[in-house]
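These notes are about the structure you will find just below.
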Amino acid sequence: MSSLLIKRLRFFLIQLLLLICVVELFSFIAIRWLHFGLPPKVYSNQFLPFFVDNNKAFGAWHYANASTRHIGPCWNVEYQFNSYGARDDEKKKVSERKRIVFLGDSFIEGYGIEKEKRLSNLLEKRTTIECLNFGTSGSFGTTQMRLLYETKAKDFSHNAVVLSFFPFNDLLDDNYEFGKSFFYTQRRYRPYLVKDSSQNYQLIYHVDALEKSQAYPDSIPKRTTADLFKDIYYGKQRFVNKIRSLITDFTYTGAMADFIANRVRFRQSGTESSYKSEVFSQSNREGMDLFCHNIEKIKNLAGEKPLILLLIPHPLDLIEYKKTGKSILRDTLNQYCQNKNIHMIDLLEEFAKLDSVADYFLPCDGHWSEKGNEFVTELLTKKIGQINF
């Protein structure tokens with residue numbers, strides 16, 4: 001081989017190496033700083049799960065006195081949990097300050113949002129009211145919210161309760177038959193209310209022990225870098241696929257390419273445009289009866305304290321509502337709240353009034369963005385002023 005050819009080959013390899021480094025740096029910045037795409041497994045597996053099944057009464061909750069990082073397609077946020085497992089600052093059980101207990105799922109927890117930018121923290125900054133956030137992700141339905149309030153949250157002195165209701169999945173979260181069949185919950189420790197032969201609700205647990213849950217802390221595999229290498233090396237996949245796994249699991253370039261390819265396939269399949277939600281436009285008597293049962297339990301436990309219900313739509317619910325202008329579920333719930341002296345904030349109607357509703361949700365997800373949290377905070381502040389508790 002001539003010296004000239006060797007020089008050209010060396011020059012080409014140097015250029016190729018520089019290109020790889022530039023692309024890797026660009027992908028790193030896009031994922032870690034701009035929160036576009038998911039990081040490689042070798043990075044994301046370094047952190048604790050942001051929820052686990054570790055509470056005997058209601059299942060899904062958080063680690064106590066811990067911090068972790070919640071990573072998604074367009075967010076990379078640190079979660080910090082206090083001594084009793086809430087994603088919140090440490091709060092005393094007894095206080096002379098006016099306080100609100102927040103119960104709910106991922107919307108209340110602040111899914112994909114910095115803690116200071118979510119609803120409860122924004123409300124605390126705008127008012128003199130101290131907010132205690134007991135929200136959690138993990139398919140958390142109203143049965144679990146009621147049990148959380150009964151066994152944990154009500155022990156903290158407070159003057160009012162704010163409860164979220166997200167029909168898009170909350171009705172299914174409380175459905176026992178669905179929970180047994182859905183892959184995400186079928187091996188989870190979760191409480192359900194099921195009617196007996198006398199049509200009375202009985203509390204049962206799907207998976208009869210915390211330790212048997214697939215989301216129990218000790219059941220969640222702690223994957224090290226060596227474990228990931230072993231998975232690929234001993235896996236029964238073709239050599240080409242093993243190389244692909246190495247690139248996607250260990251480099252930001254590979255993770256970014258995989259994310260973009262999946263998004264393209266998703267859009268080309270037509271699935272994205274065919275998504276729709278009809279949960280607000282349909283009647284679900286069984287689901288609503290169970291929901292109302294849990295709400296009344298919470299209200300009875302709260303006593304004279306005001307109960308504020310946030311009725312939360314998914315962006316797909318808003319698309320459907322803007323077409324028809326009608327909502328059976330919302331109208332039924334509104335009448336129920338009036339009869340039971342529950343203060344409802346109809347976010348279906350409020351979000352539908354906005355011109356550019358997409359700005360109020362995360363660009364890759366149906367949860368509220370920072371702007372969405374600010375919007376709901378304004379509405380909640382106004383409602384609190386009207387109640388004047």
**Q.** Carbon/sulfur fraction of accessible area - segment 1-40, other protein chains in place, 1.4 Å, %
**A.** 79 percent
Q. Over segment 144-283, what percent of the accessible surface lies on carbon and sulfur atoms, probe 1.4 Å?
A. 53 percent
Q: Working from Cα positions, state the angle (0 to 90°, nearest 10) between the long axis of helix 315-324 and the longest principal axis of the chain.
A: 60 degrees
Q) In what sequence, highest mean first, do 287-300, 226-239, 143-156 appear when ranked by Cβ atoms within 10 angstrom? A) 143-156, 287-300, 226-239
Q | FRET efficiency, ASP218 to ILE20 (Cβ-Cβ, R0 30 Å, nearest 0.05) | A | 0.15
Q. When Lys and Arg each count +1 and Asp and Glu each count -1, what net charge do the other residues less than 12 Å away from GLY37, Cβ to Cβ, add up to?
A. +1
(Q) Just to make sure I understand: if all protein chains stay in place, what is the order of THR248, THR136, THR225 by accessible area at 1.4 Å, largest first? (A) THR225, THR248, THR136
Q.
Checking the a/c ratio against 1.5 first, then a/b against b/c, what shape does the Cα gyration tensor give for segment 25-109?
A. prolate
(Q) Filter LYS41/LYS230; LYS180/LYS212; LYS323/LYS353; LYS299/LYS326 down to the pairs with a C-alpha to C-alpha distance above 19 Å, please. (A) LYS299/LYS326
Q: Taking percent of Cα pairs over 32 Å apart as the quantity of interest, determine which of [x] 37; [y] 41; [z] 29 was computed from the displayed structure.
A: [y]
**Q.** segment 231-389: C-alpha gyration tensor shape, a/c 1.5 cut-off, then a/b vs b/c
**A.** prolate
Q. Under the definition of Cα pairs under 8 Å and six or more residues apart, what whole-number percent is the relative contact order of the chain?
A. 18 percent
Q) Can you give the translational diffusion coefficient of segment 172-261 in µm²/s, computed by Stokes-Einstein from the Kirkwood radius over Cα pairs at 4 °C and 1.567 mPa s? A) 78 µm²/s
Q.
At 1.4 Å probe radius, can you tell me the per residue accessible area of segment 56-151 in Å²?
A. 33 Å²
**Q.** Any cysteine of the chain lacking a neighbouring Cys Cβ under 4.7 Å - listed by number
**A.** CYS21, CYS131, CYS292, CYS337
Q: Mind checking which lysines have their Cα closer than 17 Å to the Cα of LYS91? Skip sequence neighbours fewer than 8 apart in that chain.
A: LYS115, LYS125, LYS152, LYS154
(Q) As a test question: what accessible area, to the nearest 10 Å², does SER2 have when a 1.4 Å probe is rolled over all protein chains in place? (A) 70 Å²
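The values are calculated or read from the model by the stated rules, or taken from the named source; none is laboratory data. Remember, predicted model here, so these are calculated numbers, not experimental data. Positions of Cβ are backbone-derived with ideal geometry, glycine not excepted, and every protein chain shown enters the neighbour counts. In case anyone asks, the SASA skips ligands and DNA or RNA and just uses the protein heavy atoms, side chains included. Shrake-Rupley method; radii C 1.70, N 1.55, O 1.52, S 1.80 Å.
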